[in-house]
Structure formats: C-alpha cells, structure tokens
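In what follows, a single structure is set out as structure tokens and then discussed.
The values are calculated or read from the model by the stated rules, or taken from the named source; none is laboratory data. Treat the numbers as computed from the prediction; the structure is a model and nothing was measured. Neighbour counts are summed over all protein chains in view; Cβ atoms, including those assigned to glycine, are modelled from backbone coordinates with ideal geometry.
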Amino acid sequence: MIEKNIYLIGFMGAGKSSVSQELARISGWREVDMDAEIVRREGRTIPDIFARDGEAYFRKIETELLEELAEDKGILVSCGGGVILSEVNRDIMKKSGEVIFLSASPETILSRVKQDENRPLLKGKKTVKDIQELLSQRIPYYEKALTRCVTTDGKNPTEIAKEIFTSV
Ligand code: S3P
C-alpha cells in the first residue's frame, strides 16, 4: 500500500486512463478515473454535463471529487485533463501525493483523440494546430502542478506504467 496518492495529469489523449489501468493492474493499487467517476455519479455523459450545466459546474464537481479523494491515501487517480487549471486543485494534489505529468506531442495527442466525440473542448478542433494552441495554454499549469514528468511519445501504456511503478 502506498502512503500517498498518485495523480496522473496530462492533456486529453496523453494516455492517463490507459496508463492508470495498466499501473493498477501491475501494482494492485486502487484506481479512480475522475471522468468515469463523475459520469457514474451524475448518471450522464461529460458532453451532456457541459451542454446542460456548463463547464463551471463540471469544474465544481471535479474539485469536490478531488477533495474527497485527497482525504484517502493509496489511490491512483487518473485526472481529467483540466484539473490543473485551478490553484485549489493543484494544492490539493501536491499536499496529498505525487503528481505525475504524462507529456505527449500534439501529433500523438491527435492520433489518440481523432475518433473521440466525448471531449467537448476538442469539438471541431481536431488539427495539430488547434491542439498545439490549447496545449501551449495548458503547459504552464501542468508545469506548476507536476512533481514528476514522464514522456509518452512512442511508448505503450504498459511501458509507461512500468516506468512509473519502478520509481515511486
Ligand atoms: C477536459 C478533459 C477531459 C474531461 C473534460 C475536460 C479538459 O478529460 O475532464 O472533457 O479540460 O482538458 P480527459 O483528459 O480524460 O480527456
């Protein structure tokens, strides 16, 4: 059992969910995927939440969930890509665990999100240029939030999970 939480952060399509599932499998740690947990609790999809109640509402429930998870320890948390935007969220994560940034190039990200319709912020923005733009706005926040960075380009989830597991 780990004495802290592990938070996987990174842009949409950086591989947080698949790496976290793989890491949970090899480590036996309990895993929580924040987006999946929000969908489960709300009983509706993320595009639905954004469309009906707006991004601000989504961010509010995201922070509430993070606060709840931080009270525990030994949890592997796969975060939503925008969790790092809030200073409150960044503080919660740093105080309760290790924050691992999965970095990926815009090209890698595009190849992973191309077919996906479940990310409202990428609707109509599926070009390398669009992703590069949003990514460059986000990078300063990932940098503020991280305690460690792992590059994911050209690696599969098993390789990335092993790299993380051998050094926590
Ligand atoms: C978001 C990322 C998504 C999800 C929501 C907002 C973001 O999570 O939380 O669509 O602001 O980057 P993933 O990174 O798991 O796709």
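For this structure, a couple of remarks:
- Index of the failed condition, V168 passing every other in (1) away from the ligand (no atom under 12 Å from the Cβ); (2) of a type in the set (V, I, T); (3) closer than 17 Å to F11 by Cα: (3)
- In the condition set (1) within 13 Å of the ligand (Cβ to nearest atom); (2) loosely packed, with under 14 Cβ neighbours inside 10 Å, E143 is compliant with all but (1).
- Flag if E98 is closer than 22 Å to I164 by Cβ, at pLDDT 95 or above and acidic (D, E): yes
- Test for E62: is it in contact (Cβ under 8 Å) with a residue 12 or more places away in the chain and either near the ligand (Cβ under 9 Å from one of its atoms) or assigned to a loop (DSSP other than H, G, I, E, B) (or both): yes
- Top-ranked residue of the stretch 65-88 - restricted to ones that are at pLDDT 95 or above, surrounded by fewer than 18 Cβ atoms within 10 Å (Cβ to Cβ) and of a type outside the set (A, V, I, L, M, F, W, C), ranked as farthest from the ligand (Cβ to nearest atom): E71
- Residue match in the stretch 43-50 (condition: over 23 Å from R112 (Cα atoms), assigned to a helix (DSSP H, G or I) and either touching a His at 6+ places or on another chain (Cβ under 7 Å) or modelled with pLDDT of 95 or more (or both)): no
- Among the residues making up the stretch 117-133, those that are among the aliphatic types (A, V, I, L, M) and over 13 Å from E107 (Cα atoms) are L121, L122.
- Within the stretch 22-59, tally of residues that are of a type outside the set (A, V, I, L, M, F, W, C), within 12 Å of the ligand (Cβ to nearest atom) and within 23 Å of K94 (Cβ to Cβ): 4
- Considering I46, I75, I100, the condition of being within 19 Å of S17 (Cα to Cα), touching a residue at least 12 places away in the same chain (Cβ under 8 Å) and under 13 Å from the mean Cα position of the chain (by Cα) is satisfied by I100 alone.
- When E163, E107 are screened for being more than 14 Å from the chain's Cα centre (by Cα) and closer than 24 Å to I2 by Cα, only E163 passes.
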